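Step one of this worksheet: look at the structure below.
What follows is calculated from the coordinates using simple rules that are stated; it is not laboratory data. These figures come from a predicted structure and were not determined experimentally. Glycine gets a Cβ as well: all are built from the backbone with ideal geometry, and neighbour counts include every protein chain shown.
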Amino acid sequence: EIVLTQSPTTMAASPGEKVTLTCRASSSVSYMYWYQQKSGTSPKLWIYDTSKLASGVPNRFSGSGSGTSYSLTISSMETEDTATYYCQQGRSYPWTFGGGTKLELK
Amino acid sequence: EVQLVESGGGLVQPGRSLKLSCAASGFTFSNYYMAWVRQAPKKGLEWVATISTSGSRTYYPDSVKGRFTISRDNAKSSLYLQMNSLKSEDTATYYCAREAEGIGYFDYWGQGVMVTVSS
């Protein structure tokens, strides 16, 4: 099983601040997927194939990485970006998710 | 517009069974792998099951293998999850999700249905 470790677990950012969330895999994966989940709602696909933005995702978001290290970056934090972000691998069964990073507004 | 609507959740005693349903619309259901993903209260996401387009192949993590069965009815555009021998640790919100091209990520999610396993 591929274990995904996200860091930090929680963080707070000020409006306009650059934010980077990290996801590390216990084994190499070809792609990483990211989901955004706001409180009380279902997750939404946010980034797929490591760096492609899902439909409707603002271009202040970006994804990068390879092998065992991946990241999601927000170039300039906005209020609406407060949420929990999960990474997920589809390299091999069982599909696994990271524990999530809760992003709050400072 | 893609829509996934789950139903069938509720309170069930440990050891009993429950069957969840997911009604899909807005896309050609038979062309997509489908999945169930769950989230325990205030916890992270856990993949529960995946089924191929025809239903001939199914995949489960060890935590539910042998107790849960995923199935589908392409004629009705419906997905199911039969959950047997339920345990307290199965308490969670269960989401129906479309798997993108069987690649292993989930491009659309339902609103979720709560399952509580308690005596």
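Checking each residue in segment A:3-31 for being assigned to a loop (DSSP other than H, G, I, E, B) and more than 13 Å from residue A:84 (Cα to Cα) picks out A:3, A:14, A:15, A:16, A:17, A:18, A:26, A:27, A:28, A:29, A:30, A:31. Report yes if some residue within segment A:46-58 is surrounded by 12 or more Cβ atoms within 10 Å (Cβ to Cβ), farther than 15 Å from residue A:90 by Cβ and within 10 Å of the chain's Cα centre (by Cα); otherwise report no. No, every residue in segment A:46-58 fails to be surrounded by 12 or more Cβ atoms within 10 Å (Cβ to Cβ), farther than 15 Å from residue A:90 by Cβ and within 10 Å of the chain's Cα centre (by Cα). Residue check: is residue B:61 of a type outside the set (S, T, N, Q), outside any strand (DSSP E or B) and at the interface with another protein chain (Cβ under 10 Å from one of its Cβ atoms)? Considered against the rule, which asks whether it is of a type outside the set (S, T, N, Q), outside any strand (DSSP E or B) and at the interface with another protein chain (Cβ under 10 Å from one of its Cβ atoms), residue B:61 comes out as yes. When segment B:53-73 is limited to residues that are buried (at least 16 other Cβ atoms within 10 Å of the Cβ) and not aromatic (Phe, Trp, Tyr), the one that is nearest to residue A:89 (Cα to Cα) turns out to be B:61.
For the residues A:16, A:65, the requirement of being of a type outside the set (Val, Ile, Thr) and touching a strand residue (DSSP E or B) at 6+ places or on another chain (Cβ under 7 Å) singles out A:65. Residues being in contact (Cβ under 8 Å) with a residue 24 or more places away in the chain, basic (Lys, Arg), assigned to a strand (DSSP E or B) and away from chain B (no Cβ under 13 Å) are entirely absent from segment A:89-106. For segment B:74-103, a residue qualifies if it is closer than 25 Å to residue A:48 by Cα and not basic (Lys, Arg), and the qualifying residues are B:79, B:93, B:94, B:95, B:96, B:97, B:99, B:100, B:101, B:102, B:103.
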